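Here the structure comes first, spelled out in structure tokens, and everything after it is commentary.
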Amino acid sequence: MTLYATLDSPLGELLLVGERSATAPGGTALASLSVPDQKRGAVVQEGWTHDQAAFAEIARQLRAYFDGATAPFTVECVPCGTEFQQRVWTALEAVPRGTTTTYGAIATAIGAPRGAVRAIGTAIGANPLLVVRPCHRVIGADGSLTGYAGGLARKRLLLDLEGAAADAA
């Protein structure tokens, strides 16, 4: 059964989508975290169940993040994506808060050729877990802010929140 809830945030109203899980902190595994007007963002579907309480632990961690907490997320995620996407997403999760990386560095981290940066960008763009899986920490090789499904203004806000804005000037 697919569950959903919303959460007010500095990015706008977040849409949280997940499934019950006996192993997830709080009992819900996160399948998607979307912001308003996000490219390829989740949209509530017929048959989904609204359950704010199911997302209490995830909401607590997100609120703490937006309040400046530096603890990593301990959110169980619903498995999805191709093997390549999963490798890219695992590399994203290793980028520390307050730092940035590049598409080329992600390619190197997963053992892909530097010429795979377009494929890396496509995999990052397919990330269904904005904020929790920090695709906002990936910038252009020249330090510029580049693609973000939630919009570049939100990417800048997240980097500022994390104190990484100087890296992304």
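The values are calculated or read from the model by the stated rules, or taken from the named source; none is laboratory data. Remember, it's a predicted structure, so these values are computed and weren't measured experimentally. Note: ideal-geometry Cβ built from the backbone for every residue, glycine included; neighbour counts use all protein chains shown. The accessibility values were calculated without ligands, DNA or RNA, using every heavy atom of the protein model including side chains. Shrake-Rupley method; radii C 1.70, N 1.55, O 1.52, S 1.80 Å.
Taking each residue of the range 57-71 that is more than 21 Å from SER21 (Cβ to Cβ) and looking for partners that are among the hydroxyl-bearing types (Ser, Thr, Tyr) and outside any helix (DSSP H, G or I) with beta-carbon atoms closer than 6 Å, six or more apart or interchain, yields PHE66/SER9.
Of the helices (runs of 4 or more DSSP H) contained entirely in the range 92-169, those carrying at least 2 residues that are within 19 Å of LYS39 (Cα to Cα) and open to solvent by less than 20 Å² (accessible area, probe 1.4 Å) fall at 117-125, 152-162. Could you go through the range 65-80 and let me know if any residue there is small (Gly, Ala, Ser) and either at pLDDT 95 or above or open to solvent by less than 30 Å² (accessible area, probe 1.4 Å) (or both). Taking every residue of the range 65-80 in turn, none turns out to be small (Gly, Ala, Ser) and either at pLDDT 95 or above or open to solvent by less than 30 Å² (accessible area, probe 1.4 Å) (or both).
Check LEU11, LEU30, LEU3, LEU16 and return the single one that is of a type outside the set (Phe, Trp, Tyr) and out of contact with any Gly (no Cβ under 8 Å at 6 or more places or on another chain).
LEU16
Out of all the residues in the range 33-54, is one or more open to solvent by 30 Å² or more (accessible area, probe 1.4 Å), part of a helix (DSSP H, G or I), of a type in the set (Gly, Ala, Ser) and modelled with pLDDT of 95 or more? Yes, the range 33-54 has at least one match. Take the conditions (1) open to solvent by 40 Å² or more (accessible area, probe 1.4 Å); (2) not in a helix (DSSP H, G or I); LEU11 misses just one of them, which is (1).
Within the range 72-91, being in a helix (DSSP H, G or I), touching a residue at least 24 places away in the same chain (Cβ under 8 Å) and under 14 Å from ARG137 (Cβ atoms) holds for VAL88, TRP89.
Among residues of the range 34-55 that are farther than 20 Å from PHE73 by Cβ and in contact (Cβ under 8 Å) with a residue 24 or more places away in the chain, those with a Cβ under 9 angstrom from a residue that is open to solvent by 70 Å² or more (accessible area, probe 1.4 Å) and assigned to a loop (DSSP other than H, G, I, E, B), sequence gap 6+ or separate chain, pair up as PRO36/GLU13; GLY47/MET1; TRP48/MET1; THR49/MET1.
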